[in-house]
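Read the structure below first, then the notes.
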Amino acid sequence: MKQILVYFYLISIIVVISACNKIDRESVVLRHTVVHNSIDNLSTLTVGNGEFAFTADITGMQSFPEYYENGISTGTFSQWAWHSFPNTQDYVLDDVVKYYQVGNDSVPYWYQFSPIDDERQYGATEWLRENPNRLHLGVIGLELLDKHNEIVQIESIQNARQQLNMWIGELSSTFEIENIPVKVITYSHQSHDMVSFRIESELIEQGRLNVSVKFPYPARGKFNSGYDFNHHEGHHTQIIHKTENEAVFERTLHADSYFAKIKWESNANLTATCEHAYRIVPSPDSQVFELSCYYSPENENIELPSFAQTAQNNRRQWSDFWYSGAAVDFAGSSDVRALELERRVILSQYLTKIQTSGSLPAQETGLTSNSWYGKFHLEMHWWHAVHYILWNRSHLMEEQLQYYADVYEKAKHTAEYQGFEGVRWQKMTDPSGDESPSTIGVFLIWQQPHIIYFTELLYRNSGNIEIIEKYYPLIEATADFMASYARWEPENERYVLGPALIPAQERFAPEKTINPVFELAYWKWGLQTAQNQRRELGLEANEKWQHVIDNLSELPQNEGLYLFTEDATDSYTNPIYLTDHPIVLGIAGFLPLTDYISRDVLLNTFDKLEELWEWETCWGWDFPLAAMCASVLDKPDKAIDYLLMDTQKNTYLLNGHNYQDNDLTLYLPGNGGLLAAVAMMCNYTTSSGKDVFNSQPGWKVKYENFGVDLN
């Protein structure tokens, strides 16, 4: 009996110790609750669920959209909501074909023609790049009146305070109008394309607070807010159903349509104020008004959840999210940068969950505003999605892999059209899988092996061979193109990449670029990994793949340094080549350090780039890229320095967004890259026997439940 008691005592001690070692996830998240009291056009805050997002201004709604338009605009976007302007000239991709010499062949590419080119080629270029475009679903905000019954402007907002509680997905906004308080609580439902509000104020009783609903025309331009209030033609809004506490709007924009259903919890009066604009006037018999707006591509007969139900839905599902997967706690660190890094990590988890975890690959500005007309870029899919696997939240990105199956036939057509085998994955594209003409994008190839990377990482993380079985048709077709694209050079008995090719470092002319270092390394690793996956399935090796693997060009180098491309012998003396993405660092860290890569040459290259590179020209994901490479090269101090480099495009705003410049005020590949690098740096063991962070003075980091990586 005494032995049994001792046994249970020891078990209880182990349980207590284990519990003490676990991270208090709620405390970590809550200490980075976003709180601010300033009206700043870069400080909008977003609620969402991955499929739908609503970005609010200082009022918790979209009351002053014009003020934010040149910062981070107030968006209402869904994965399904797309629109095309009329194609009155019947433009097709055949209108923008330009041929490039590839060995002895002439290969067609879909080129971005300029205004000085043929009129039809230029017109087709513009239409094909712009369409389809991501559709803003509508602006819903407060209409606030002063004591003279004049609509107030944003300058009249007093004592504003806004708080985003990421643990429960709640946005709380308080402010005053002429010393009268207003409070707005905002939630996005986690299972519906719906936003809910609870508004509290004496202004309701005074008849000085209304809700404004506006349905805009789609905005034009490469970077845009999504809305245009100056064009009433070309779209139509009508109320097709109305009761005392709800209304259904049907929206028609050229050939596209959708529906918005608004429901309020108490009495209110809905009236049209002008074309495409409506006012909801709450009854003055209460100081509280609750309403929800649900968006759908079809007119669904759905009973909308109440505000209280939506709040409960958020509390439950956000708690589940934060308790799932990995966690990291930097609180024990004395390095002054640690708390800021932890803030970026928490906010990046929140932002990627609501912006990039949906059914489609994410655009670079997610569901907040439009960049590149709202289209997504498949070479960026790695930066948007890999961190989910590394953080053991694979389920948040796996649905996106269905996209590759959905657009398979178009990718196959591209390969066949250009004379290659397999499938050539798109670059700048949309839900239908159409390619966009470009002077750069159509020549990129580094998106091609991503599907192999995703499936290999999923397989290693789970040990489930069914993953390889499920995606093998995509893997095989991907590798078939890669082997076909590699061009045999008989005089040197080797395979080469390019021309026509532009590498990830977009500083090289497609007509002459050959053998970029990163693409060579990714090609070699990708084909070898696909070959290994065949063996895992019990299949014989693919002879064509193996011949390319065995005879692919060596990585070009000169005087102990890797050249950026084989033809760029002036890699370290030409200033233009020392800008943009330092993608040569991706051959280790992003990729595992294999025998194909000389560690010594890469070390020399790393040191030379640190000295010469124009780091202010980099993009948000370049800093995590450099940090991962530094980790593999056993430079943990440099890894941390690069991850937190003080430069404009490595800025993380109050709301967690990775700011790039005035055009690109948020950039989610930076957030995803940060999370991927932190996962890798926690997992990677340095020569000290510790992970990257804990090997350095001033850093004491706790972490748990990360998945495997490839290094």
Just to be sure I understand, how many residues within the range 366-397 are in contact with a Leu (Cβ under 8 Å, 6 or more places away or on another chain) and not in a helix (DSSP H, G or I)? 7
Looking for something polar (S, T, N, Q), over 18 Å from Leu341 (Cβ atoms) and touching a residue at least 60 places away in the same chain (Cβ under 8 Å) - is there at least one such residue anywhere in the range 624-643? no
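Using the structure shown, decide if Ala486 is modelled with pLDDT of 95 or more, out of contact with any strand residue (DSSP E or B) (no Cβ under 8 Å at 6 or more places or on another chain) and either of a type in the set (S, T, N, Q) or within 21 Å of Glu421 (Cα to Cα) (or both). Before you say what the answer is, go through the steps one by one.
On the way: modelled with pLDDT of 95 or more: yes; out of contact with any strand residue (DSSP E or B) (no Cβ under 8 Å at 6 or more places or on another chain): no; either of a type in the set (S, T, N, Q) or within 21 Å of Glu421 (Cα to Cα) (or both): yes.
Against the criterion (modelled with pLDDT of 95 or more, out of contact with any strand residue (DSSP E or B) (no Cβ under 8 Å at 6 or more places or on another chain) and either of a type in the set (S, T, N, Q) or within 21 Å of Glu421 (Cα to Cα) (or both)), Ala486 does not qualify.
For residues in the range 555-602 being without any contact (Cβ under 8 Å) to a residue 24 or more places away in the chain and charged (D, E, K, R), which is nearest to Ala509 (Cα to Cα)? First the steps, then the outcome.
Going through the range 555-602, the residues without any contact (Cβ under 8 Å) to a residue 24 or more places away in the chain turn out to be 558-559, 569-571, 573-574, 595.
Going one step further and asking which of them are charged (D, E, K, R), we end up with 559, 570, 595.
Working: Glu559: 24, Asp570: 14, Asp595: 30 Å.
So, considering only residues that are without any contact (Cβ under 8 Å) to a residue 24 or more places away in the chain and charged (D, E, K, R), the one nearest to Ala509 (Cα to Cα) is Asp570.
Can you report the number of residues in the range 146-170 which are assigned to a loop (DSSP other than H, G, I, E, B) and either of a type in the set (Val, Ile, Thr) or farther than 22 Å from Gly48 by Cβ (or both)?
Just the residues of the range 146-170 that are assigned to a loop (DSSP other than H, G, I, E, B), to begin with: 146-150, 152-153, 157, 166-169.
Applying the additional criterion that residues be either of a type in the set (Val, Ile, Thr) or farther than 22 Å from Gly48 by Cβ (or both) yields 146-150, 152-153, 157, 168.
So the count comes out to 9.
Within the range 171-195, can you find the residues that are touching a residue at least 60 places away in the same chain (Cβ under 8 Å) and part of a strand (DSSP E or B)?
Leu171, Ser172, Ser173, Phe175, Val182, Val184, Ile185, Thr186, Tyr187, Ser188, Met194, Val195
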I need the full set of residues from the range 277-325 which are touching a helix residue (DSSP H, G or I) at 6+ places or on another chain (Cβ under 7 Å), aromatic (Phe, Trp, Tyr) and either buried (at least 16 other Cβ atoms within 10 Å of the Cβ) or modelled with pLDDT under 95 (or both), in order please. Phe289, Phe321, Trp322
Considering the range 255-276, residues that are touching a strand residue (DSSP E or B) at 6+ places or on another chain (Cβ under 7 Å) and not in a strand (DSSP E or B), and then whichever is modelled with the highest pLDDT, we arrive at His276
Residue in the range 332-350 that is surrounded by the fewest Cβ atoms within 10 Å (Cβ to Cβ), counting only those that are of a type in the set (Lys, Arg) and either within 20 Å of Asn49 (Cα to Cα) or within 24 Å of the chain's Cα centre (by Cα) (or both): Arg343
All but one of (1) out of contact with any Asp or Glu (no Cβ under 9 Å at 6 or more places or on another chain); (2) in a helix (DSSP H, G or I) hold for Gln363, so report the exception by its number. (2)
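Looking for something at pLDDT below 95, more than 24 Å from Val213 (Cβ to Cβ) and out of contact with any helix residue (DSSP H, G or I) (no Cβ under 9 Å at 6 or more places or on another chain) - is there at least one such residue anywhere in the range 112-124?
As a first pass, look at the range 112-124 and keep what is at pLDDT below 95: none.
The answer is no, given that none of the residues of the range 112-124 is at pLDDT below 95, more than 24 Å from Val213 (Cβ to Cβ) and out of contact with any helix residue (DSSP H, G or I) (no Cβ under 9 Å at 6 or more places or on another chain).
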Which of the numbered conditions does Ser432 fail, given that it passes all the others? Conditions: (1) part of a loop (DSSP other than H, G, I, E, B); (2) farther than 24 Å from Asn49 by Cβ. (2)
Residue check, Glu66 against (1) assigned to a loop (DSSP other than H, G, I, E, B); (2) farther than 30 Å from Val328 by Cβ; (3) of a type in the set (Asp, Glu), all met but one. Which one? (1)
Top-ranked residue in the range 28-63 [being among the β-branched types (Val, Ile, Thr) and assigned to a loop (DSSP other than H, G, I, E, B); ranked as nearest to Asp228 (Cα to Cα)]: Thr44
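Take the range 129-159 and flag every residue that is within 30 Å of the chain's Cα centre (by Cα) and small (Gly, Ala, Ser). Don't jump to the end; show me each part of the working.
Going residue by residue through the range 129-159, those that are within 30 Å of the chain's Cα centre (by Cα) are 129-142.
If the condition is that a residue be within 30 Å of the chain's Cα centre (by Cα) and small (Gly, Ala, Ser), then Gly138, Gly141 are the ones that fit.
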Tally the residues that are basic (Lys, Arg) and within 18 Å of Gly325 (Cβ to Cβ), restricting the search to the range 685-711. 1
Return the residues of the range 410-425 that are surrounded by fewer than 18 Cβ atoms within 10 Å (Cβ to Cβ) and not in a helix (DSSP H, G or I); say none if nothing qualifies. Gly419, Glu421
Is it the case that some residue within the range 649-668 is over 27 Å from Tyr350 (Cα atoms), touching a residue at least 12 places away in the same chain (Cβ under 8 Å) and touching a helix residue (DSSP H, G or I) at 6+ places or on another chain (Cβ under 7 Å)? no
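The values are calculated or read from the model by the stated rules, or taken from the named source; none is laboratory data. Keep in mind the model is a prediction, meaning the values are calculated, not measured. Glycine also receives a Cβ, built like all others from the backbone with ideal geometry; neighbour counts cover every protein chain displayed.
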